Amino acid sequence: MNNNKLGTKPHYQLLDGLRGVAAIIVIFFHLAEPLASSHFDNVVNHGYLAVDFFFLLSGFVIGYAYDDRWDKLTIGGFLRRRFVRLQPLVVLGMTLGAIGFYFTDSTIWPLIHTVPVWRLILVMLIGYTLLPIPLSMDIRGWQEMHPLNSVGWSLFFEYIANILYALGVRKLSNKTLALFVVVAGGVLLHFAVTNPNGDVTGGWTLNAEHMRVGITRTLFPFFAGLLLSRVARPVYIKYAFVWCSLLVAAVLLMPRVGDAKHLWMNGLYEAFCIIFVFPLIVYIGAGGVVHSQTEAKICRFLGDLSYPLYMTHYVLVYFYVAWVSNHRGITLWQAWPYAVLTFSGAIVLAYASLKLYDEPVRAWLREKLK
């Protein structure tokens, strides 16, 4: 069976643009995070919720693109298409992280210079597969499953969700899927309000606690997005891209809710956003239309850039974090020129990665794996 005959469906331009908006805010979050003394004073406080938004978007798009095509599609064909879409930038991100690794030796990572090259190469090769490394192989000191490109953990869970969809969840009726989503939402809510951290962060370490967090953060949004793609009948809302972008920004830039004595309040806020606000944003975005060629170009640019930006920006953030750690006590106003430089570099790196690497490699892989 030649799965290339499936072709491609038209994109939801607004949803592509919203993915780019969220990816940009993720960079702001990672640039503000090293300057914060705690969860309470990060100026981009809820930027990490972009990952949960990405999962929901992904579930919606997967459902839209593939749910009605399994009469022409095999499980292997589906997974090959996802591999072609996701894996090239996984490899690039790990490679760039390895190239820059020794140059980020700093007070926050003082043992980097002691890591032998063979261990660095081994971690990079394992990173190409997205298989998580055990704590015994951590070469940076942050207990990450992917210490050469921090964001790789979310792609690990993205693959898990895609595999679960292909192997069986796609066959569930809407009622059964709705029940599954309700249960997953209940688990997410319980975790959010009982987590000692008062938030839903976690999922990047290979241990039981983080694996639970990662699965909890993945199952509800991804399969809620899938359900939404099946049952929603979006309605037209004027200037949907503007309204949805503002909603995304409001959620991710929201200051910490509650204080240290009422951590559950912040957890409740985050659960509410994931369970209700994010689906609402996707629902509005799916029914929206672009109102001008300029808006269409913005959405296309942001959509094309979003995944390369997400998968390569942390390579530069490592340098920024190292610099901040070597200048302990530096303020936001003192650091902003370096933050702007890092942000600008991330945009340039992402665009170069897209045009010079990702698009050509994906075209080559599609030809080889058809």
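Each reported figure results from applying straightforward, stated rules to the coordinates on display, with no laboratory input. The structure displayed is predicted, hence computed values, not measured ones. Here the Cβ is made from the backbone with ideal geometry for all residues, glycine too, and neighbour counts use every protein chain on show.
A few notes on this one:
- Computed [θ] at 222 nm, helices only, for the chain once each DSSP H run of length n ≥ 4 contributes -39500 (n - 2.57): -21500 deg cm²/dmol
- In terms of other Cβ atoms within 10 Å, 150, 37 run from fewest to most in the order 37, 150.
- Residues in the stretch 174-180 carry Karplus couplings, in order, of 4, 5, 5, 4, 4, 4, 4 Hz; the curve used is 6.51 cos²θ - 1.76 cosθ + 1.60 with θ = phi - 60°, and Gly or Pro positions show x.
- Taking 107, 201, 218 in turn, the Gaussian network model of the chain (Cα-Cα springs below 10 Å) assigns the largest fluctuation to 107.
- Extension gain for residue 300-residue 36 works out to 91.7 nm (0.36 nm per residue, less the C-alpha to C-alpha distance).
- Protection-proxy order for peptides 286-292, 44-50, each taking the mean of Cβ atoms within 10 Å per residue, highest first: 44-50, 286-292
- Shape call, the stretch 228-335: gyration tensor on alpha carbons, a/c limit 1.5: oblate
- Low-density loop positions, chymotrypsin sites (Phe, Trp or Tyr not before Pro), the stretch 68-103 - DSSP coil, at most 15 other Cβ in 10 Å: 70
- In order along the stretch 262-269, the Karplus-derived 3J(HN,Hα) couplings, from 6.51 cos²θ - 1.76 cosθ + 1.60 at θ = phi - 60°, round to 9, 5, 4, 5, 5, x, 5, 4 Hz, and Gly and Pro are given as x.
- For the stretch 332-345, putting each phi into the Karplus relation 6.51 cos²θ - 1.76 cosθ + 1.60 with θ = phi - 60° gives couplings of 4, 5, 6, 8, 4, x, 6, 5, 5, 4, 5, 4, 4, x Hz, in residue order, rounded to whole numbers and with x for Gly and Pro.
- Mean-position separation - Cα centroids, the stretch 142-210 and the stretch 8-67, in angstrom: 15 Å
- Local net charge near residue 46, Cβ-Cβ under 11 Å (Lys/Arg +1, Asp/Glu -1): -2
- Cα centroid separation, the stretch 70-103 to the stretch 229-243 (Å): 30 Å
- Normalised by 2.2 N^0.38 Å, with N the number of residues, the alpha-carbon radius of gyration of the chain equals 0.97.
- Computed E for residue 361/residue 80 - FRET, C-beta separation, R0 22 angstrom, nearest 0.05: 0.95
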